[in-house]
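Colleague: Below you will find the structure I want to go over with you.
The values are calculated or read from the model by the stated rules, or taken from the named source; none is laboratory data. In this text, all values refer to a predicted model and were calculated from it rather than measured experimentally. As a convention, Cβ positions derive from the backbone with ideal geometry for all residues, glycine included, and neighbour counts pool all protein chains shown. In case anyone asks, the SASA skips ligands and DNA or RNA and just uses the protein heavy atoms, side chains included. Shrake-Rupley method; radii C 1.70, N 1.55, O 1.52, S 1.80 Å.
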Amino acid sequence: MEAQGSRRRHLPVLLLWVNGLMTLGFTGARQQSELCNESLMLEKLPACGKSFEEMMKRVDSKKWCNLTEFIMYYDNFTQCTEREANNASCFWPNPLAEGFITGIHKQFFSNCTSEKVHWEDPPDEILITLILIPVLLTCAMITLVVWCSKRSDILV
């Protein structure tokens, strides 16, 4: 009896201990032990941009809006910015890295506006058909249900 009482008293302590372990990164989450060296990161990120710029020179500028033409180059650029941010003990993405990435986007993709699709109604014949079919089916089903409910010999 006393052992159960002791266990109940130690349960909140155990739960707090487990919570502490999980908060401290026991679950595998990487904790940042150093402060972010923003100046080092800002010093290293332009090398990623320069590398991306060199790779983008291989792609015809008319194809810069087609992601499939340069997806590998962009992936390398993204990995480079992430690596440099992590080397400077900074999280990625962070506001400074995002600002740098936005600058690269403005440099290469500012003319890539998405074309808006102009939706048009179908011709009247098709529209009327698409409206009338469900309405008529609904009326038919209601009629069938009412008719069947009046005929009690079918239900027995």
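Colleague: Using Cα positions and a limit of under 22 Å, work out the lysines in reach of Lys44, with same-chain residues fewer than 8 apart set aside.
Modeller: Qualifying lysines at Cα under 22 Å: Lys57, Lys106.
Colleague: Something else now. So which GluC sites (Glu not before Pro) in the stretch 78-156 end up in coil per DSSP with only 16 or fewer other C-beta atoms within 10 Å?
Modeller: Of the GluC sites (Glu not before Pro), the ones in loops of the stretch 78-156 whose Cβ has at most 16 other Cβ atoms within 10 Å are Glu115, Glu120.
Colleague: How many nm separate the modelled label positions at Lys62 and Thr138, each set 7 Å beyond the Cα in the direction of the Cβ?
Modeller: 5.2 nm
Colleague: Pop out the ³J(HN,Hα) list for the stretch 67-72 in order, Karplus 6.51 cos²θ - 1.76 cosθ + 1.60 with θ = phi - 60°, rounded to Hz; leave Gly and Pro as x.
Modeller: In residue order, the calculated couplings are 4, 5, 6, 9, 4, 5 Hz.
Colleague: Might you tell me the accessible area per residue for the stretch 94-156, computed with a 1.4 Å probe and given in Å²?
Modeller: Accessible area per residue, the stretch 94-156: 89 Å².
Colleague: In the stretch 34-64, which GluC sites (Glu not before Pro) fall in coil by DSSP and have 12 or fewer other Cβ atoms within 10 Å?
Modeller: The qualifying sites are Glu34.
Colleague: Next question, about the same structure. Run the simple label-point estimate for Gln107 and Glu34 please: 7 Å along Cα→C-beta, distance reported in nm.
Modeller: 2.6 nm
Colleague: Using a 1.4 angstrom probe on heavy atoms only, work out the carbon and sulfur share of the accessible area of the stretch 72-126 in %.
Modeller: Of the solvent-accessible surface of the stretch 72-126, carbon and sulfur hold 53 percent.
Colleague: What whole-number value in cubic angstrom gives the convex hull volume per residue for the C-alpha atoms of the stretch 109-156?
Modeller: Spread over its residues, the Cα hull of the stretch 109-156 gives 114 Å³ apiece.
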